[in-house]
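Undergrad: Here it is, the structure in full.
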Number of protein chains: 2
Amino acid sequence: MTDTENKSEAPAKTRTPKQISDSTIHRLSRYLRLLGALEADSVKTISSKELASIKRLTPAQVRKDLSFFGSFGTRGLGYPVSELKVKIAGILGLDKRWRLAIIGVGNIGSALVGHKEFPERGFDIRLVFDNDQRKIGSKHKGLLVSDIKNLKEELLAHEIEIVALAVPASVAQEITDIVVSAGVRGILTFAPIHLNTPENVFVRREDMTMELEYLTFALSINAVKSPNDLGLS
Amino acid sequence: MTDTENKSEAPAKTRTPKQISDSTIHRLSRYLRLLGALEADSVKTISSKELASIKRLTPAQVRKDLSFFGSFGTRGLGYPVSELKVKIAGILGLDKRWRLAIIGVGNIGSALVGHKEFPERGFDIRLVFDNDQRKIGSKHKGLLVSDIKNLKEELLAHEIEIVALAVPASVAQEITDIVVSAGVRGILTFAPIHLNTPENVFVRREDMTMELEYLTFALSINAVKSPNDLGLS
DNA sequence: TGCAGCATGTGAACTCTTTCACTAACTATA
DNA sequence: TATAGTTAGTGAAAGAGTTCACATGCTGCA
Ligand SMILES: NC(=O)c1ccc[n+]([C@@H]2O[C@H](COP(=O)([O-])OP(=O)(O)OC[C@H]3O[C@@H](n4cnc5c(N)ncnc54)[C@H](O)[C@@H]3O)[C@@H](O)[C@H]2O)c1
Ligand SMILES: NC(=O)c1ccc[n+]([C@@H]2O[C@H](COP(=O)([O-])OP(=O)(O)OC[C@H]3O[C@@H](n4cnc5c(N)ncnc54)[C@H](O)[C@@H]3O)[C@@H](O)[C@H]2O)c1
């Protein structure tokens, strides 16, 4: 920790390094998707107003998000589509290809293995693991299923950077520990439990039940109260 | 102080009805999961401090979340596990079973159909749709695949309340329009595009690519800068 | 019954995020 | 070259969400 001498009585001259928020990063992903579509349509420039139209965002939001990373637009004109796309990709770390492994080739795991969008966006699934003898050694959509027993060695050998965890919750933590010991610092998990990991490992959870419960909450409130608002979308 | 009897029987004069945040609802889901596990272990009471340990939450956060909905604990003791579980389930609208339909029985769709946790948590998958003639009429994990042509009629007939959309992005919007016209007000979508829906329809998006890009952003920053902080977790 | 200890519930402070409002800067046109 | 029109960039204000801090009120025990 530490770093920054900040904290004195200085009223912050310039919003120093700045902390980038969770939501800003997610929005960058969305801008990127839209820019890809625009580029395919040969659109040359786009204004913050048009970019904002991809959802219920405001032009100011778009400009602020981008301003954290630099000045990419031209006043009076807008942003150059192709250029901005490259910039955002760079910000998100997508100027390189990433090596992934899928652990657990069950319902979710196989869905991931077959997903065409991943390689298109820079994610190469290099390894697939399971502990089921019937699956190990078999080809799964072109990928040989490896034995979970060799998890650490194979992750290291293939220099895997990100792992998608699609195993039962009961074994998610123990597998996580091995994954972390293999130097993997990015985990996308589908198990509905909290994973304990060191500070420098990033975990994102894809929790469908949680999202469904968000919907039931919203629907229940709305059924009882007024038919709109509550700010949920 | 406390709330003096203003006019009417309106509670709280200051902090008005209040808006419940997105994050509070998600945390309630997580509390609920933990409470289920605790109940299974015959734990009788739990303090906000212990509840907070499920992640990087603070006891104050837990208490604040719950306080939006009432006073469920006992000072000096904590919260009664079983009782709190029922209360939170009620808040989230889980005191009833919900009728779901899955649209698109491809990679993701079949994963959802086979997922055991859904029925356990109150979600009954009643219908499954596809437009592929080879799939229509066949049984998929016990469920007959319906023809997408009959979407609206079947949704209405079965009084479907929530739909999970697992179709290609290219057809997601048109299917959404039909779904909405059938009175469905909750949608969980896996297509990586923004869906246009009326105000009173709630949409939640499960976007794996976005989460992966969050990881690549975090990993890139960390590779370049200091090996910790930046507030990302 | 009284006392010590403990954990809730909550206004208030604080921090983070979004929106506002204005200036700077470029394009297009005449 | 001047001028009108447009839009990015950005401090500052406003709005949300989180954390603090403490009084309140319960439990358990002597
Ligand atoms: N299927 C869904 O729609 C869905 C929805 C939400 C959450 N999830 C979660 O995603 C995870 C995976 O779900 P699923 O439906 O794919 O389950 P699944 O049972 O179909 O697949 C799990 C796979 O993991 C393998 N496995 C089990 N133990 C292992 C081990 N120790 N090492 C390696 N592999 C092991 C199994 O052999 C199996 O292939 C679970 O945690 C589940 O709760 C699934
Ligand atoms: N598979 C993944 O891991 C993954 C990851 C992220 C996002 N997604 C997204 O989830 C969605 C589904 O992905 P998938 O991998 O399951 O795709 P898929 O192609 O395996 O399945 C799509 C299914 O939808 C059906 N379908 C197509 N058009 C239809 C129509 N008009 N009406 C009804 N059914 C129709 C197809 O027959 C097929 O069964 C896509 O939008 C995809 O981008 C998938």
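Undergrad: Hey, got a sec? Which trypsin sites (Lys or Arg not before Pro) in segment A:31-75 land in a DSSP loop and have at most 10 other Cβ atoms within 10 Å?
TA: A:ARG56, A:ARG75
Undergrad: Then there is this: Check the straight Cα-Cα distances from A:LYS49 and name the aspartates and glutamates below 19 Å, setting aside those fewer than 8 residues away within the same chain.
TA: Straight-distance partners of A:LYS49: A:GLU39, A:ASP41, A:ASP65, A:GLU83.
Undergrad: Sticking with this structure for a sec: Given the options B:ALA172, B:ALA182, B:ALA37, which has the most mean-square fluctuation in a GNM of chain B, springs set between C-alpha atoms less than 10 angstrom apart?
TA: B:ALA37
Undergrad: How many nanometers, to one decimal and shortest first, lie between the label point of A:GLY142 and those of its other copies, if labels sit 7 Å from Cα toward Cβ?
TA: Its label point is 3.5 nm from the equivalent points in the other copies.
Undergrad: Now a separate question. Tell me, what is the percent relative contact order of chain B, built from C-alpha pairs under 8 Å that lie six or more residues apart?
TA: 12 percent
Undergrad: Whole-Hz ³J(HN,Hα) for each residue in segment A:200-216, computed from phi via Karplus 6.51 cos²θ - 1.76 cosθ + 1.60 with θ = phi - 60°, x for glycine and proline: what do you get?
TA: 8, 9, 9, 10, 10, 10, 9, 10, 5, 4, 4, 5, 5, 5, 5, 5, 5
Undergrad: Would you rank A:SER82, B:SER42, A:SER71 by solvent-accessible area, highest first, keeping every protein chain in place and using a 1.4 Å probe?
TA: If we order A:SER82, B:SER42, A:SER71 from most to least accessible, we get A:SER71, B:SER42, A:SER82.
Undergrad: Relative to a virtual label point 7 Å from the Cα of A:SER53 in the Cα→beta-carbon direction, which members of segment A:73-98 show backbone nitrogen distances below 15 Å?
TA: A:78-79
Undergrad: Let me ask something additional. Compute the relative contact order of segment B:98-209 as a whole-number percentage, counting only Cα pairs closer than 8 Å that sit 6 or more residues apart in sequence.
TA: RCO, segment B:98-209: 24 percent.
Undergrad: What nm value, rounded to one decimal, do you get for the distance between B:LYS141 and B:SER170 when each label is placed 7 Å out toward the C-beta?
TA: Modelled inter-label distance: 2.7 nm.
Undergrad: Decide, for segment B:17-91, between rounded, prolate and oblate: order the square roots of the alpha carbon gyration tensor eigenvalues as a ≥ b ≥ c, take rounded if a/c falls under 1.5, and otherwise choose prolate if a/b is larger than b/c, else oblate.
TA: Taking the square roots of the gyration eigenvalues as a ≥ b ≥ c, segment B:17-91 is rounded.
Undergrad: Here's another thing I want to ask about it. Can you grab the distance from the C-alpha centre of segment B:134-181 to the C-alpha centre of segment A:158-179, Å, no decimals?
TA: The two parts, judged by their Cα centres, are 33 Å apart.
Undergrad: When we measure straight from the Cα of A:LYS139, which aspartates and glutamates land under 13 angstrom away, once same-chain ones fewer than 8 places off are left out?
TA: Correct list for A:LYS139: A:ASP130, A:ASP147.
Undergrad: If you don't mind, there's one more thing I want to ask. In nm, give the distance between the simple-model label positions of A:ALA37 and A:ASP95, each being 7 Å from the Cα along the Cα-to-Cβ direction.
TA: So the two model labels end up 2.7 nm from each other.
Undergrad: Moving on to the next point. Under the rule a/c < 1.5 gives rounded, and otherwise a/b versus b/c splits prolate from oblate, where does the protein assembly as shown land using the Cα gyration tensor?
TA: Note, shape of the protein assembly as shown comes out rounded.
Undergrad: Can you list residues from other chains, or at least 5 along the same chain, whose modelled amide H is less than 5 Å from the amide H of A:SER47?
TA: A:TYR79
Undergrad: Where in segment B:66-148 are there GluC sites (Glu not before Pro) that are in a DSSP coil and have at most 13 other Cβ atoms within 10 angstrom of their Cβ?
TA: none
Undergrad: Let me ask another. Once the label point is set 7 Å along the Cα-to-beta-carbon vector, what list of distances in nm do you get between A:GLN19 and its counterparts in the other copies?
TA: When each copy's label point is compared with this one, the spacings are 2.0 nm.
Undergrad: Please give the per residue accessible area of chain B, computed with a probe of 1.4 Å over protein heavy atoms only, in Å².
TA: Heavy-atom accessible area per residue stands at 51 Å².
Undergrad: Need the per-residue list for segment A:74-100: every residue with at least 40 Å² less accessible surface in the complex of protein chains than in the chain by itself, probe 1.4 Å, sorted by number.
TA: Relative to the lone chain, where solvent access is computed with a 1.4 Å probe, segment A:74-100 loses at least 40 Å² at A:LEU92, A:TRP98.
Undergrad: What residues in segment B:101-130 lose 40 Å² or more of accessible surface when the other protein chains are added to their chain alone (1.4 Å probe)?
TA: B:ASN107, B:ALA111, B:PHE118, B:PHE123
Undergrad: Also, I was wondering about something else. Taking a point 7 Å out from Cα toward Cβ as the label site, list the nm distances between B:GLU83 and the same residue in every other copy, smallest first.
TA: 6.4
Undergrad: Considering only DSSP beta bridges whose two residues both sit in the protein assembly as shown, what percent are antiparallel, to the nearest 5?
TA: 20 percent
Undergrad: In the structure shown, do any of B:LYS96/B:LYS149; A:LYS85/B:LYS149; A:LYS87/A:LYS116; A:LYS55/B:LYS85; A:LYS116/B:LYS141 have a Cα-Cα gap over 28 Å, and if so which?
TA: Long pairs (Cα-Cα over 28 Å): B:LYS96/B:LYS149; A:LYS85/B:LYS149; A:LYS55/B:LYS85.
Undergrad: Moving on. From the helices alone, meaning DSSP H stretches of at least four residues, give me the mean residue ellipticity at 222 nm for the protein assembly as shown, per-run term -39500 (n - 2.57), in deg cm²/dmol to the nearest 500.
TA: It comes out at -11500 deg cm²/dmol, rounded to the nearest 500.
Undergrad: Restricting to Cα pairs below 8 Å that are 6+ residues apart, what does the relative contact order work out to for segment B:17-91? Please round to a whole percent.
TA: Computed over segment B:17-91, the figure is 37 percent.
Undergrad: Which of these, A:GLY186, A:GLY76, A:GLY104, has the largest mean-square fluctuation under a Gaussian network model of chain A (Cα springs below 10 Å)?
TA: In the Gaussian network model the winner is A:GLY76.
Undergrad: Same structure again: For segment A:98-209, give the share of DSSP beta bridges that are antiparallel, in percent and rounded to the nearest 5; count only bridges with both residues there.
TA: In segment A:98-209, approximately 10 percent of DSSP beta bridges are antiparallel ones.
Undergrad: Can you send over the carbon and sulfur percentage of the accessible area for segment B:17-91, probe radius 1.4 Å, protein chains only?
TA: C and S fraction of accessible area: 52 percent.
Undergrad: Next question. Heavy atoms only, 1.4 Å probe, whole protein assembly: order B:SER21, A:SER53 by accessible area, highest first.
TA: A:SER53, B:SER21
Undergrad: What does the C-alpha gyration tensor say about the overall shape of chain A? Classify as rounded when a/c is under 1.5, otherwise prolate if a/b is larger than b/c, or oblate.
TA: Prolate, since a/c reaches 1.5 and a/b exceeds b/c.
Undergrad: Shifting gears a bit: Quick one: pull the percent of accessible area on segment B:107-151 belonging to carbon and sulfur, 1.4 Å probe, ligands and nucleic acids left out.
TA: Answer for segment B:107-151 is 49 percent, counting heavy atoms of protein chains only.
Undergrad: For segment A:103-111, what does the Karplus curve 6.51 cos²θ - 1.76 cosθ + 1.60, with θ = phi - 60°, yield as ³J(HN,Hα) per residue in whole Hz, taken in order and with x for Gly and Pro?
TA: Once rounded to whole Hz, the list reads 10, x, 9, x, 4, 6, x, 5, 4.
Undergrad: Please turn the phi angles of segment B:43-57 into ³J(HN,Hα) values with the Karplus equation 6.51 cos²θ - 1.76 cosθ + 1.60 (θ = phi - 60°), one per residue in order, whole Hz, x for glycine and proline.
TA: After applying 6.51 cos²θ - 1.76 cosθ + 1.60, I find 6, 8, 9, 8, 8, 4, 5, 5, 4, 5, 5, 5, 6, 8, 9 Hz.
Undergrad: I'd like the interface area for chains A and B: accessible area of each alone minus the complex, both sides summed, 1.4 Å probe, protein heavy atoms only. What is it in Å² to the nearest 100?
TA: Rounded to the nearest hundred, the buried surface is 6500 Å².
Undergrad: Given the options B:LEU219, B:LEU57, B:LEU32, which has the most mean-square fluctuation in a GNM of chain B, springs set between C-alpha atoms less than 10 angstrom apart?
TA: Per the Cα network of chain B with a 10 Å cutoff, B:LEU219 tops the list.
Undergrad: Oh, and also: Using DSSP to define loop residues, name the GluC sites (Glu not before Pro) in segment B:165-215 whose beta-carbon has at most 13 other beta-carbon atoms within 10 Å.
TA: Those satisfying the criteria are B:GLU199.
The values are calculated or read from the model by the stated rules, or taken from the named source; none is laboratory data. Predicted, not measured: the structure shown is a model, and the values here were computed from it. With ideal geometry, Cβ positions are generated from the backbone for all residues, glycine too; neighbour counts draw on all protein chains shown. Note: accessible area is taken over every heavy atom of the protein model, side chains too, but ligands, DNA and RNA are not part of it. Shrake-Rupley method; radii C 1.70, N 1.55, O 1.52, S 1.80 Å.
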